[in-house]
Each structure stands twice: as structure tokens, then as C-alpha cells.
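Trainee: Below is one structure. I have some questions about it.
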Amino acid sequence: MTIVLASVLVLPATALGQATGTPTAAAALTLSTAKAAANTQLTVNGTGFGVSEVVDVTFNGTSVGKPTSSAEGAFALTFMVPSVAPGDYGIAAKGATSARSASTTFSVAQGPAELKFSVAQAPPGTEITAMATGFTPGEAVAITFNGAAVGNGVADTQGMFNLTFTVPAAIAAGTYGGTAVGDTSHSEANATFTVTASTATPVPTAVPATVPAPTATPVPATPPVAQTAPAMAHDERYFSQTQYRIDNDEAWSFFQRNGGVSTFGYPVSRTVTFLGCPVQFFQRQIIQVCPGAGAALMNMLDPEIFPYTRVNGSVFPGPDDALKANTPPVSDAAYSEKISAFVQANVPDNANGQPVNFFQTFNTLGGLSIWGAPISSPQPDPSNPSFIYQRFQRGIMHYIAGTGTESVLLADYLKAILMNQNVPGDLLAQARESKYLGQYCPGNTMWLCRPEALGGTDLTFAFVTG
């Protein structure tokens with residue numbers, strides 16, 4: 001028997017068409033921690049990417065950095081967790097040349113509530129500001145100083161609330177405690193403040209006779225805006241949570257019969273003229289009382305007012321033109337029956353395998369008069385399946401897995417744009433060319449910074465509490 005031996009020729013990888021140094025393992029991401037509060041540092045580590053390529057890392061669809069991978073296809077990126085609501089968010093990475101991608105989930109935890117004072121110490125009679133953070137957006141927050149209530153308000157869309165008050169004039173020197181308590185989260189934050197002894201008014205040093213004393217230029221006093229604003233009655237129409245009152249009788253009646261705070265949130269402005277009609281801002285909606293038309297909601301989601309889809313890390317669905325085209329016209333003789341069937345067919349209680357209760361919420365909180373017709377189907381946030389949204393003509397429903405369904409605080413965001421205060425970065429980027437951005441200018445004509453750009457509007461005392 002003849003045995004034939006075959007020799008095996010081993011070729012280098014390059015001869016086989018394989019690139020040297022290219023990672024063969026699948027791309028993957030690991031996190032320094034799986035759960036943390038917003039505004040804390042997070043490190044994402046990537047492996048299995050291309051050699052020395054730029055990798056785009058995103059948080060909830062927004063880029064947070066573009067590191068360059070090593071010769072082994074690895075990278076590490078440290079960034080601050082964006083200021084977003086608690087929940088699960090997607091982190092993804094994609095190589096610019098290899099197109100390799102990987103993703104993982106990160107949980108934003110409710111950060112601890114904190115209370116700070118604008119100064120650490122001051123004598124009696126000094127005006128100071130208590131700054132509360134880490135509360136649930138939209139919840140009432142009460143502030144006490146030395147055990148006595150000094151005021152309350154509502155946490156904004158980032159869970160913050162500031163309150164300015166005066167240190168009691170009769171209080172003795174010493175260290176005292178302040179407390180902030182959330183009404184629904186029951187979160188509590190404490191801080192200490194030192195009251196110093198009152199000091200005598202210093203006597204100016206005499207200027208030598210040989211040196212002519214300069215003539216003092218008087219400094220104009222800041223106008224006492226809050227004192228000159230019309231007084232508000234503190235009755236059943238007044239909401240201590242935000243320190244505003246619903247003055248207009250028609251607006252008050254509309255507010256009461258359509259669910260009150262559950263539907264609209266608390267009032268966050270006085271009654272002012274906005275785009276030609278008397279209006280009042282609430283957290284979620286704007287009630288307008290145009291002459292001869294009665295109280296109704298402003299269509300805030302009109303493209304001319306609030307066309308935005310990316311807000312505070314969330315991605316809302318845009319209008320669906322096909323759905324809008326199929327909406328029964330009001331002129332239809334059978335409009336009442338047809339619109340009811342249309343809503344029932346397009347507003348579900350279950351979507352994406354979740355009990356969103358959109359139809360139930362629609363019927364419970366005002367129906368067509370509050371929401372209008374649906375103009376999108378229910379859609380999950382692209383980077384956070386725990387969030388599902390549905391867009392209507394006058395509002396956006398927001399389902400949060402494990403929490404329930406609520407209405408997005410749209411009017412709060414528009415107020416933030418007008419004042420150019422606490423506007424989330426993604427919203428600010430979209431609103432930079434808006435005629436509403438930074439328009440609120442106390443003391444100017446009609447309290448507008450650019451009145452020529454905002455006809456039919458007078459914001460005098462709009463956001464002065466009482």
C-alpha cells in the first residue's frame with residue numbers, strides 16, 4: 001500500500017484577503033454603571049469596532065461624543081448624563097468607516113432632592129433665594145424656613161423650583177434649617193442657613209478738603225415689579241402652588257368643567273394678550289378667550305407656535321398627513337358620529353404591547369374640546385421604548401411604562417422659550433429662529449423685547465406672581 005503525504009502550505013492572512021489588526025468579535029458596549037441620576041458622569045466602553053476609526057456615540061438619539069478607536073477597535077468615552085426625566089434610554093455607537101454598531105440600555109434614576117440657598121449667611125431682613133432641585137416635574141414643592149412656611153410652587157420641566165423670600169426681621173443670630181418637600185414624590189431636601197447679627201450702617205470716610213469729592217452718579221433703582229403689578233385675590237381661584245389666579249370668568253368656568261388641574265395643570269401666568277386674544281398659560285395648555293368666541297384652547301401645536309418634536313431628550317411623533325387627510329370635516333352633516341368613530345379607531349388603549357390607555361385618557365380629560373382629533377398614531381420614543389406618545393391637535397399624550405399616561409407640559413415649554421429660561425438644549429436648538437424666543441422683557445413697551453415681531457401681544461406683568 002502506498003501512502004501519499006500532502007504538504008500543507010500556510011499562507012499569511014494578507015494573502016487570504018484578511019486585513020491585519022481588524023477586530024473579528026462583534027461590536028459591543030459596556031457601561032460604568034447601568035443606572036444613575038441625570039447630570040452625573042457616565043463612561044461607555046466599546047469593543048469590536050474598526051481600527052482607529054471615529055465612533056459616533058449617542059444618548060437617546062443625540063450625539064454625546066465621537067471618540068477614535070484604538071488599534072484593537074476599542075474606545076472609552078465619559079460624558080454627563082443629559083438632564084432628562086427618569087426612565088430607560090438607549091445608548092448606541094456606530095463606526096464611521098466600518099459601519100459596525102452596538103447599543104445598550106441605561107436607566108436614568110430619580111436624583112436625590114437638594115436644597116441650596118443663594119447665599120450661605122445674611123442678617124435679618126435680607127432677601128434670599130431657596131433653590132430646590134431633584135423633584136418630579138410638575139409637582140408642588142413647599143419650602144419652610146425655621147419650621148415656618150415661606151412659600152411654595154411647582155417644579156419645572158427639569159424638576160427645579162426657586163423661591164425668593166425675606167429672612168424674618170425679628171429672628172436672632174444663629175444657624176437655622178430650611179426644608180423643601182415634594183407633594184407627590186414626598187422627596188425631602190434640607191439645608192442650613194446662618195443668620196448673622198445686624199450691623200450698623202457704616203459711616204462714609206470723610207474726603208480730605210484738599211481733594212474735591214466726586215459727584216455721585218445716582219443708580220436707578222430696580223423697579224419693584226411685583227409691588228406695582230395688580231394685586232390678586234387669594235380665593236378659590238388662586239393657586240398657591242404657582243401664585244397665580246384665574247381672573248377671567250369664562251376661563252375659570254372652562255377650567256372647572258374640563259377637569260381642572262388634572263387636565264390643564266396649574267396656572268403659570270396672569271391673564272395677558274397673546275396673538276390677538278386674552279389668554280392664560282397653564283402648565284399643559286393655554287386657555288384663550290377671544291371676543292365673541294368664548295373660552296377655548298389655543299392650538300399650541302400649530303406649526304407657527306410649537307412645531308418641535310425633540311424636547312428634553314424625548315422624541316415626539318410629528319403630524320401624520322395621511323391621518324389628517326382622513327379626519328372627518330366639521331362641515332359633514334354626520335360629523336358627530338363620524339368623528340367619534342374616527343377617534344375610537346385611531347386612539348387605542350393598548351399600543352406596542354403596553355396599556356397606554358390613550359382612549360380612556362381622551363374621554364376622561366375633556367375629549368375633543370381639549371385634545372382635538374388625533375394627528376399621529378401612537379409611537380414609541382426611538383431610543384426609549386418605555387415612552388410612547390400620541391399627538392393630537394392640541395396636546396401630546398405621554399405613556400411611561402410602570403407609571404401611566406399624562407399630558408406633556410407644552411405650555412411650560414413655550415413659557416420657557418418666551419422667557420429664555422430653563423429651555424432644554426435640544427428644544428433651544430430648534431427654537432433659535434423662533435419669534436417667541438427671549439421675547440419677555442419686563443419694563444419694555446408691552447414687556448416685549450421685539451414687539452414688531454409679535455403682533456397682538458402684550459405681556460405686561462405676564463409672569464409676575466402675586
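Trainee: When DSSP beta bridges are limited to those with both residues in the chain, what percentage is antiparallel, rounded to the nearest 5?
Mentor: Here the share of antiparallel DSSP bridges comes out near 95 percent.
Trainee: Now for a separate question. Return C277, C290 ranked ascending by Cβ neighbour count within 10 Å, so the fewest neighbours appear first. Intermediate results must be reported in sequence, preceding the final value.
Mentor: On the way: C277 18, C290 14.
Ordered by Cβ neighbours within 10 Å, fewest first: C290, C277.
Trainee: Can you give the calculated 222 nm mean residue ellipticity of the chain, where each DSSP H run of n ≥ 4 adds -39,500 (n - 2.57) and the sum is split over every residue, rounded to the nearest 500 deg cm²/dmol?
Mentor: -3500 deg cm²/dmol, from helical runs alone.
Trainee: Kindly write out, for region 246-252 in residue order, the coupling ³J(HN,Hα) from the Karplus curve 6.51 cos²θ - 1.76 cosθ + 1.60 (θ = phi - 60°), rounded to whole Hz, with x marking Gly and Pro.
Mentor: 8, 7, 5, 4, 5, 5, 5
Trainee: Reachable lysines from K116, Cα under 17 Å, same-chain residues fewer than 8 places away excluded?
Mentor: none
Trainee: May I ask you to evaluate 6.51 cos²θ - 1.76 cosθ + 1.60, the Karplus curve with θ = phi - 60°, for each residue of region 301-311 and list the ³J(HN,Hα) values in order in whole Hz, giving x for glycine and proline?
Mentor: With the stated coefficients, region 301-311 comes to 8, 4, x, 6, 10, 9, x, 7, 10, 10, 9 Hz.
Trainee: Only Lys, Arg, Asp and Glu count, each charged at its Cβ (+1, +1, -1, -1), so figure out the dipole size of region 242-453 about its Cα centre, rounded to 20 debye.
Mentor: With only Lys, Arg, Asp and Glu charged at Cβ, the dipole is about 320 debye.
Trainee: Positive end of the dipole of the chain, charges at C-beta (+1 Lys, Arg; -1 Asp, Glu), about the Cα centre: which of Q354, S262, C441 has its Cα farthest in that direction?
Mentor: Final value for the positive-end residue is C441.
Trainee: Further question on the same structure: Would you mind checking which residues have amide H under 5 Å from I286's amide H? H placed 1.01 Å from N; only 5 or more apart, or other chain.
Mentor: Here M298 satisfy the definition.
Trainee: Given G90, H234, F387, which one lies farthest toward the positive end of the charge dipole of the chain, if we put +1 on the Cβ of every Lys and Arg and -1 on the Cβ of every Asp and Glu?
Mentor: Sorting the options by dipole projection puts first G90.
Trainee: In straight Cα distance, which lysines are under 22 Å from K415, not counting same-chain residues fewer than 8 positions off?
Mentor: Within the straight-line limit of under 22 Å, K415 reaches these lysines: K435.
Trainee: Rounded, prolate or oblate: which fits region 16-109, taking a ≥ b ≥ c as square roots of the Cα gyration tensor eigenvalues, rounded meaning a/c under 1.5, else prolate when a/b beats b/c?
Mentor: In terms of gyration-tensor shape, prolate.
Trainee: Moving to a separate point now. Using Cβ counts within 10 Å as a stand-in for footprinting exposure, how do L29, L275 rank, fewest first?
Mentor: Exposure proxy ranking, most exposed first: L275, L29.
Trainee: So, one more: How large is the dipole of the chain about the Cα centre if only Lys and Arg carry +1 and Asp and Glu carry -1, each at its Cβ, rounded to the nearest 20 debye?
Mentor: Values: 19 positive and 29 negative charges, 110 e Å.
In debye, rounded to 20, the chain gives about 520.
Trainee: Then there is this: Which lysines, on any chain, are close to K338 with Cα under 30 Å apart, when same-chain ones fewer than 8 places away are left out?
Mentor: Those lysines meeting the cut-off are K324.
Trainee: Arrange E433, E188, E406 by Cβ neighbour counts within 10 Å, fewest through most, would you?
Mentor: Details: E433 6, E188 13, E406 18.
Going from least to most buried by this count: E433, E188, E406.
Trainee: Give me a comma-separated list of calculated 3J(HN,Hα) values for region 288-294, in order, Karplus coefficients 6.51, -1.76, 1.60 applied at θ = phi - 60°, integers in Hz, x for any Gly or Pro.
Mentor: My calculation for region 288-294 gives 10, 10, 6, x, x, 10, x Hz in order.
Read-outs throughout are calculated quantities, based only on the coordinates presented, and are distinct from any laboratory measurement. Model, not experiment: these values are computed from the prediction. Positions of Cβ are backbone-derived with ideal geometry, glycine not excepted, and every protein chain shown enters the neighbour counts.
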